[in-house]
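The block underneath contains the structure these notes are about, expressed in C-alpha cells.
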Amino acid sequence: MCWEAGLSTEAGNSVDPRSNGLFGVYVHWPFCAAKCPYCDFNSHVHRGPFDEAGFVAAYAAELVHFAQKVPGRTVQSIFFGGGTPSLMDPRSVGAILEAIGRHWTIDARVEITLEANPTSVEADRFRGYRAAGVNRVSLGVQSLREGPLAELGRRHTVDEAVAAVRLAQSIFPRTSFDLIYARPRQTLDDWQDELTEALWMAQGHLSLYQLTIEMGTRYYDLFRAGKLQMPGEDLSADFYELTQELTQNAGLPAYEISNHARPGQESRHNLIYWRYGEYVGVGPGAHGRLLINNQRHATAAEKLPFDWQRKVLARGHGMVTDDVLTWEEEGDEMLVMGLRLREGIDPRRFQRISGRAISERQIAELKAIGFLETLPNGFLRVTDKGWPVLDAVVADLAA
Ligand SMILES: C[S@@+](CC[C@H](N)C(=O)[O-])C[C@H]1O[C@@H](n2cnc3c(N)ncnc32)[C@H](O)[C@@H]1O
Ligand code: SF4
C-alpha cells in the first residue's frame, strides 16, 4: 500500500512505512567567507592554507562508512548545504557526487541542489557545478534592499544578488532563492514591495524565513542589549499572512511553513525530511536518519571541520552521536516534521511507525477551535488559522 502521495511511489526503494521509500544524501560544507551576525548554522571562517582535495577525501571516506550501514538504496536527492558550498571547487563537488554514485543507485530523476551565496558566484564556477551534475541552485539573497543587506552583514549588493539569480536561472534547470523578512524596523508596506519584486524574479521556488534571533549569534547579544527592535507577535502574524497571500496570488503557494513553490517545483530533498524519510548526512555537523534493522538511527557528526576530518581519517567516520530512536520518539519526530507541510500527515502511517494512535480527543479539540482538519485522503493537516501556532498544535498532538 502506498502511504503518501508523490515521492512514495518512486521506483527503487521499497515503500516501507518507516522510510516512505525516500532516501537522500546531505553533504555539509562548513566554510564561509565571513560569519553573518544572525546565523547559527555550523559555519566557520578559515584563513590560511587549505588542502581542499584532502578535505574532500574525508567525505569520500565517510560515504564508504555510511554505504556499509545502509546499502542497496536508490538516491533520490543530494543536497550540498552549508556554510557556503559555492566556495567549493567544482571538481570537489564532482568527486563527492562520483563517490555517492559508487555506493548507491542514482535515481534517473535525482535532484542535486547546491546552496550558493551571491558573494561567491562566478559564471565559470556555476558552469562547473552544472557540468558536475548539479541541477538545482538555492541562492541566499536575503534582501532586495541595500540597507537591510548591510545590516544583515551580507557582503553582496542587491545588483550582485539579482545578477546571481539571473545567472543561476540561465545555467540550472531549477533555482530558488532565500529571503529573510520581519526584520528590525521593516514595515508591511516595505515587505509587500520587496516580496512583489522577488516574485517577479522567482522561477519555481522561494524560501521566505522570518528573522529568528538564535542564541550564540551577534544578533542575540544585540537583541538582549535592546539594540534590535524585532516585530511583536501581532506584526509577525501580519507579516506571515501577507506572505501567504502574495505568494498564493503569484502561483507559488506555501507547501511548507517557509517554503513556496509552483506545483511540482517543491524541493524534493526537504520533502524527504518533512515526509520523514531516510537520509545520510556527511561532513562536519551533518545530521542523518538511518534505518537499520527496522530501527531509526539519529546520527550527528563532529562540528569542527578539522576535528571532523581527523576523526574520519582515524576511524572512517566523524559521527559523535548515533542514537536509536524509540517508537515514541519517531512518532514525535514524524509529527514535528510532517505537520509543517501543507499536505499534512497520514495518521495511519503515524500509528504504524509509533505503535500508537493520535488521541481522538486531541484531534477533536483542535478541530473544534479550527486549528486542524482532515483531508479527503484521510491526512491530518494544520489549517491556515493553526499555522501561526504550529508548535502548540504539534505539542498537543504529541502529548
Ligand atoms: C545555511 S544558510 C545557507 C545560505 C548561504 N550560506 C548564504 O548565506 O547565502 C540557509 C538560509 O537560512 C536562512 N537563515 C539563516 N539564519 C537565519 C535566521 N537567524 N533567521 C532567519 N533565516 C535564517 C537564510 O535565509 C539562509 O539563506
Ligand atoms: S548565512 Fe550563510 S554565509 Fe552567512 S554565516 Fe550563515 S551559512 Fe555562512
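The values are calculated or read from the model by the stated rules, or taken from the named source; none is laboratory data. Please read these numbers as outputs of a predicted model, since none were measured by experiment. Here Cβ is always computed from backbone atoms with ideal geometry, including for glycine, and neighbour counts include all displayed protein chains.
Table for the structure above
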read-out: Breaking point among (1) touching a residue at least 60 places away in the same chain (Cβ under 8 Å); (2) buried (at least 18 other Cβ atoms within 10 Å of the Cβ); (3) more than 20 Å from the chain's Cα centre (by Cα), for Asn294; value: (2)
read-out: Residues being crowded, with 17+ Cβ neighbours inside 10 Å and either in a loop (DSSP other than H, G, I, E, B) or outside the structural domain of Pro37 (by TED's automatic domain parsing) (or both) - total across region 202-226; value: 5
read-out: Residue count, region 28-77 (criterion: in contact (Cβ under 8 Å) with a residue 60 or more places away in the chain, away from ligand 1 (no atom under 16 Å from the Cβ) and either touching a Leu at 6+ places or on another chain (Cβ under 7 Å) or within 17 Å of Gly288 (Cα to Cα) (or both)); value: 14
read-out: Pick from region 115-153, criterion touching a strand residue (DSSP E or B) at 6+ places or on another chain (Cβ under 6 Å) and charged (D, E, K, R), ranking: surrounded by the most Cβ atoms within 10 Å (Cβ to Cβ); value: Arg136
read-out: Test result for Glu197, of a type in the set (Asp, Glu), over 26 Å from Thr326 (Cα atoms) and buried (at least 16 other Cβ atoms within 10 Å of the Cβ); value: no
read-out: Test: residue in region 3-18 that is of a type in the set (A, V, I, L, M), away from ligand 2 (no atom under 14 Å from the Cβ), modelled with pLDDT under 95 and loosely packed, with under 15 Cβ neighbours inside 10 Å; value: yes
read-out: Unmet criterion (only one of (1) more than 16 Å from ligand 2 (Cβ to nearest atom); (2) among the small types (Gly, Ala, Ser); (3) at pLDDT 95 or above) for Gly82; value: (1)
read-out: Given (1) within 11 Å of ligand 1 (Cβ to nearest atom); (2) farther than 24 Å from Cys39 by Cα; (3) not small (Gly, Ala, Ser), number of the condition Trp200 does not satisfy; value: (1)
read-out: Considering residues of region 227-254 that are of a type in the set (D, E, K, R) and closer than 24 Å to Glu343 by Cβ only, the residue surrounded by the fewest Cβ atoms within 10 Å (Cβ to Cβ); value: Glu245
read-out: Test for Glu115: is it without any contact (Cβ under 8 Å) to a residue 60 or more places away in the chain, assigned by TED's automatic domain parsing to the domain that holds Gly21 and within 18 Å of His269 (Cβ to Cβ); value: yes
read-out: Members of region 53-83 that are surrounded by fewer than 22 Cβ atoms within 10 Å (Cβ to Cβ) and closer than 17 Å to Arg136 by Cβ; value: Gly81
read-out: In region 23-48, the residues that are of a type in the set (Lys, Arg) and within 9 Å of ligand 2 (Cβ to nearest atom); value: Lys35
